[in-house]
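Have a look at the structure below, then the notes.
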Amino acid sequence: MGPYGTLVALVALLAGLAIGKAWERYKLQDGRWIDRRRARESPHYMLGLNFLVANQIDSAIEELVKAAESAGDPLEIHLILGNLYREKGQVGRAIQEHQSLLQRPNLRKLEHANVLLCLGLDYKHGGFVDRALEAFTEVLRLDPENRYALTNLEKLYEEQHQWTEAYRTRQQLAAGDTSTNQPRHHAILAFLETEIGLVALKQGNHAEAARRFAAAIELDPKNPHAYLNLGDVRLHQGDIAGAIAAWERLVDTSPDRAYLAFPRLEDAYPTAGQPARFPDLCRRLIGANAQEWRARLALGKHLRAGGHAREALALMFEALVINPHALVLHQAIWHTLSDLGLPPDLVTRYVDLSRDAIFYLDPHICVRCRYRSTELLWQCPHCHEWNTFVEERIAPAKETDVAT
Ligand SMILES: [Zn+2]
């Protein structure tokens, strides 16, 4: 088990303990809390926790089994044991352990909810999606504000592309949370709203799609995915000025994602009778950020298409100094060099600039789990978090300030 797995096991354990505290209160009213304390005071329990912290899962299981036996098989320890089996990848055994707890008589509501929660995680881990959905839904029936169940349910819906259900679940999470977390909830709701709009778009319902994208922007005025799609729908509806306005809002609100709108704007401006606006936009972005290699590349390609290969190449070389690893850049340079008939001085300059480059098509990385992708993704396929991808610079860009 890697460090990530250990973390999950510890979190699962702590979740169990946190709910265990709540039971303790119940038990206090009942006068039965001594039993629970006996489990906690067992040397096997402490040893088990120590092994767990040291990442020795098998030894931890061995001690916790002994602790459970010596304390009359408390539910809590069996929950943890089941969670450990799951973390070890023994999903069948985890399900068995947790399911047997459901057979116990006189389960309290909260105990029942927690067993179902663990069972839901087992099913999810084993890929039994329907059963996992059922278990988490049942947890929420018993304990409507269970955030752990809501979070897992949302992820399951997202995996199934059930965006409306995921949206509703995220709304429930937001409703029970503090005001400081609301911007994060709104940002995620905006991505989900955008996905709902994309489904409408696929079904040919452009008006509904446009409404959804606008709603996403209302939730989070910085959501680049929504602007991109809103522009596409408006263009489809024949509203070229509206399309340009949406894409320009993307450039203004997320300059680091501006390049996503470049090909669209480069096409749209001449159609709208304003061919000079694309190079102007690129120059403005380059002026605003010395490290803007994508605007240099876009302007370079634009100039090359207009027959200004030398000017184009100068911009591409500047971009190469900033990001020597992007294959898209090298490809543009090869094309431009060949347009020019491969002049030896420029070829030599290119070879010098790219000597230390490693080629990646367009490397991106998830800042949460370090998952690598060859393109920008809105949701990480590994950790399933929204909007966590950033451009990966394999080596720091040279300190040279190319704008001066
Ligand atoms: Zn990730």
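Residues of segment 108-132 that are farther than 20 Å from L81 by Cα and in a helix (DSSP H, G or I): K109, V129, D130, R131. Checking each residue in segment 168-198 for being of a type in the set (A, V, I, L, M) and over 14 Å from L140 (Cα atoms) picks out A174, A175, A187, I188, L189, A190, L192, I196, L198. Helices (runs of 4 or more DSSP H) fully within segment 265-360 that include at least 3 residues being modelled with pLDDT under 95 and surrounded by 15 or more Cβ atoms within 10 Å (Cβ to Cβ): 309-322, 327-339, 344-353. Out of curiosity, is Q160 more than 18 Å from P221 (Cβ to Cβ), loosely packed, with under 14 Cβ neighbours inside 10 Å and either in contact with a helix residue (DSSP H, G or I) (Cβ under 9 Å, 6 or more places away or on another chain) or touching a residue at least 12 places away in the same chain (Cβ under 8 Å) (or both)? Yes. Is it the case that R368 is assigned to a loop (DSSP other than H, G, I, E, B), surrounded by 13 or more Cβ atoms within 10 Å (Cβ to Cβ) and either more than 16 Å from the ligand (Cβ to nearest atom) or modelled with pLDDT of 90 or more (or both)? So R368 fits the description; yes. When restricted to residues that are outside any helix (DSSP H, G or I) and at negative phi, segment 144-203 contains 9. For F213, the requirement of being among the aromatic types (F, W, Y), closer than 20 Å to T151 by Cα and in a helix (DSSP H, G or I) is not met.
Among the residues of segment 376-394, some residue qualifies, meaning at least one is modelled with pLDDT of 85 or more, within 16 Å of the ligand (Cβ to nearest atom), touching a His at 6+ places or on another chain (Cβ under 6 Å) and part of a loop (DSSP other than H, G, I, E, B). Being more than 24 Å from T253 (Cβ to Cβ), in a helix (DSSP H, G or I), touching a helix residue (DSSP H, G or I) at 6+ places or on another chain (Cβ under 7 Å) and at pLDDT 95 or above is a description that applies to A135.
The values are calculated or read from the model by the stated rules, or taken from the named source; none is laboratory data. Predicted, not measured: the structure shown is a model, and the values here were computed from it. We place every Cβ from the backbone using ideal geometry, glycine too, and count neighbours over all the protein chains shown.
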